[in-house]
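One structure is given here, and the rest of the page talks about it.
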Amino acid sequence: MDAQFDDYFLVTPVKNESSMLEGLFRSVTGQTKKPLLWVVGDDGSSDDCLAKAKDLAKGHSWISVVSRHVNPDPSWLKCGSAARFGIDEAFAIARSKLLKSKYLAVLDADTTVEPKYFELLVSAMEVNAKAVIASGMITTEGGGALEKKPSARGCARLYRLSFLDEVGGFPITASTDTVLEIKAMNRGLEFVVVNEATGLHRRKSSQIAGGTGLRSRGVIRYVLGMDFISAIMWAFVYARAAGCRASMGFFAGYIEGVRRRYPKIQDPEVRKFYSGSWRRFVSRSATRTAIQDLLK
């Protein structure tokens, strides 16, 4: 039977993730509706990631493997920068092949999704004109205090390209998934979650495993413009949800941003969202409900 393709481009940034590639390729090539174009962007790996990706891509004309040698961005920008590199390369390849699409998907190399995942996400966007971001439900291998059940995550998402064009493209910033959600919300647009579309994050995330990952989250929240009072309140939430070590890690990361005066994001939409965000703890029932769900 001929392969079936759907109206989306797919980009996967990779770096030193050779052990993840076989599962990743099985996941994508096994999709019921494959992307028109899949670009695997190697971000200067020091292992055999690039060579292995090229080998796995053989025989698939719709898969392109590209690479760059140096990513000069600071640690909190590296993920967004790597994704943007792959996206820019994908658009260039699409132009050369006269391919056009309505959607762009970004899939992390350490994530696998079930065969109908992207077909379900595209279908959900097609029936909802206000939907500009879609995700399935992802479970993390090994679990963690903050992720005992599947949740919508940034590691396997679909974006409407007209929305990305409107907001200036896929941003090179800390926590790109959060930034794009804020921009969608500010425009009265929607982020849809397709419960039937499932996937697996194949390594235990430090973000949910204790202080180390939440320290990174604390740094990122500072960079995105979170104020001191809000950081304290979130530290209390994490203490109840994941323990004192996680809480202290988050707050230590925030203080690191303060002490080292890391440059804050200049995007006024994002700064406004996080500046004084503590007020949402007491003024918005939706936020209170989200926190209660986190603490369950």
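Among the DSSP beta bridges whose two residues both lie in the chain, what percent are antiparallel, rounded to the nearest 5?
30 percent
Mind telling me which of Leu98, Leu158, Leu21 comes out most flexible in a GNM of the chain, alpha-carbon contacts under 10 Å?
Looking only at Leu98, Leu158, Leu21, the largest GNM fluctuation is found for Leu98.
Charges at C-beta only: +1 for Lys and Arg, -1 for Asp and Glu. How large is the resulting dipole of the range 117-196 about its Cα centre, in Debye rounded to 20?
With only Lys, Arg, Asp and Glu charged at Cβ, the dipole is about 200 debye.
Out of these labelled values of Rg/Rh (Cα atoms, Kirkwood Rh), (1) 1.02; (2) 0.99; (3) 0.96, which was calculated from the coordinates shown here?
Derived directly from the coordinates: (3).
Which one, Ile87, Gly59, Leu120, projects farthest toward the positive side of the charge dipole computed for the range 51-126 from Cβ point charges (K/R +1, D/E -1)?
My answer, from the dipole projection, is Gly59.
What does the net charge come to around Asp42 if you take all other residues with beta carbon closer than 11 Å to its beta carbon, with K and R at +1 and D and E at -1?
On the way: positive: Lys15, Lys52, Lys54, Arg68; negative: Glu17, Asp43, Asp47, Asp48, Glu89.
Taking every other residue near Asp42 into account, the sum is -1.
What net charge do the residues around Arg157 carry, taking every other residue with its C-beta under 12 Å from that of Arg157, with Lys and Arg at +1 and Asp and Glu at -1?
Net of charged neighbours comes to -1.
Under unit Cβ charges (Lys, Arg +1; Asp, Glu -1), what dipole magnitude, rounded to 20 debye, does the chain have relative to its Cα centre?
Using only the charged Cβ atoms, the result is roughly 1060 debye.
Take the residue pairs Lys34/Lys183; Lys97/Lys183; Lys130/Lys272; Lys58/Lys100; Lys58/Lys116 and return only those whose Cα atoms are more than 25 Å apart.
Violating the 25 Å limit, Cα to Cα: Lys34/Lys183; Lys97/Lys183.
Which of rounded, prolate, oblate describes the range 34-163, given a ≥ b ≥ c as roots of the alpha-carbon gyration tensor eigenvalues and a/c under 1.5 marking rounded, otherwise prolate only if a/b is larger than b/c?
Oblate.
Which of the trypsin sites (Lys or Arg not before Pro) across the range 72-126 are loop residues per DSSP, with 16 or fewer other Cβ within 10 Å? Display every interim value, and only then the final one.
Details: sites: Lys78, Arg84, Arg95, Lys97, Lys100, Lys102, Lys116; in loops: Lys97, Lys100, Lys102, Lys116.
Sparse-neighbourhood loop trypsin sites (Lys or Arg not before Pro): Lys97, Lys100, Lys102.
Coordinate-derived values only; no laboratory data. Everything quoted here is computed from the prediction, not taken from an experiment. No Cβ is skipped: glycine too gets one built from the backbone with ideal geometry, and neighbour counts run over all protein chains shown.
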